[in-house]
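One structure is given here, and the rest of the page talks about it.
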Amino acid sequence: MALNFSLTKNHLVKDGLSYRAVVGNNETFDESRIVDMMIYRGSTVTKADTLAVLEEYGLAVAEIIRTGNYVNTSLFSAYPTIGGTFSDSAESFNSARHSIRVKVVAGQRLKQVIPRISVQRLEGSHVAPLVKKVEDFNTGVENSQLTIGAAAIITGYRLKYDADDLMQGVFLINAANAVETRVERMAINKPGKLHFLVPASLPQGEYHVEVRTRVLSKDLRKGRLDVPLTAV
């Protein structure tokens, strides 16, 4: 597989003659899929045991960062920093003016694979919305559940659509019978984020979340989350 990208006009340049690369249409791997790959490659450790170890590993890394320390592994380095300006050398940290951020930098193992990443430019007809994450606002869980009648947030790329065109929008497609429900109530409609209300009339079940748009082309383009969500 390759790192897919498309070209879009660089609006930060006044002459409008240059383009910038937008990466998209690539798969997302969470802990579960990574462990599946490990097992496929021949690991003798069970998936449950591996996920349990990864959970403890994640908790340890988070605690190290929480206590203000640095994490340095072969995959990445992570460390907390402070943003904002201080008026003088005696000023204390003020959460209203200053912020704590975490920076993550690729480690040696990741740096070694960069020269071996193949890239592929997608033509305009292949550029589609990319749905990376769907968060259930009611519970905070991601890529797992939708609460009927509650808010949800889609994060990704090229998501914005024309709400007046009924062919475009967010569609919830029943995984059992393929019945489609178009979302009518949208609070935020931006290229990188959609905030919407799950219809109160939506029956319980498994649903595919699909975004359809014509904003970047006359042709209708579709992007779907790679896992179905449970509407409850």
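Annotations for the structure displayed:
One line per residue, one yes/no per condition, for (1) closer than 22 Å to VAL22 by Cα; (2) of a type in the set (A, V, I, L, M, F, W, C):
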position: VAL134; (1), (2): yes, yes
position: ASN143; (1), (2): no, no
position: ALA176; (1), (2): no, yes
position: MET186; (1), (2): no, yes
position: VAL198; (1), (2): no, yes
position: SER201; (1), (2): no, no
position: GLY205; (1), (2): no, no
position: VAL211; (1), (2): yes, yes
position: LYS222; (1), (2): yes, no
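- Residues that are out of contact with any Ser or Thr (no Cβ under 9 Å at 6 or more places or on another chain) and either touching a residue at least 24 places away in the same chain (Cβ under 8 Å) or within 19 Å of THR147 (Cβ to Cβ) (or both) within segment 204-224 comprise HIS208, VAL209, GLU210, VAL211, ARG212, THR213, ARG214, VAL215, ARG224, listed in sequence order.
- Hits in segment 99-129 (condition: crowded, with 16+ Cβ neighbours inside 10 Å and in contact with a Leu (Cβ under 8 Å, 6 or more places away or on another chain)): GLY107, VAL127, PRO129
- Considering VAL141, VAL113, VAL127, VAL131, the condition of being free of Cβ contacts under 8 Å to residues at least 12 places away in the same chain, of a type in the set (A, V, I, L, M, F, W, C) and touching a strand residue (DSSP E or B) at 6+ places or on another chain (Cβ under 8 Å) is satisfied by VAL141 alone.
- Lone unmet requirement of (1) within 16 Å of the chain's Cα centre (by Cα); (2) in contact (Cβ under 8 Å) with a residue 60 or more places away in the chain for ALA231: (1)
Computed from the coordinates by the stated procedures, all read-outs in this text should not be read as laboratory data. These numbers were taken from a predicted model, which means no experiment stands behind them. Don't worry about glycine lacking a Cβ; one is built from the backbone with ideal geometry, like all the others, and counts go over all protein chains shown.
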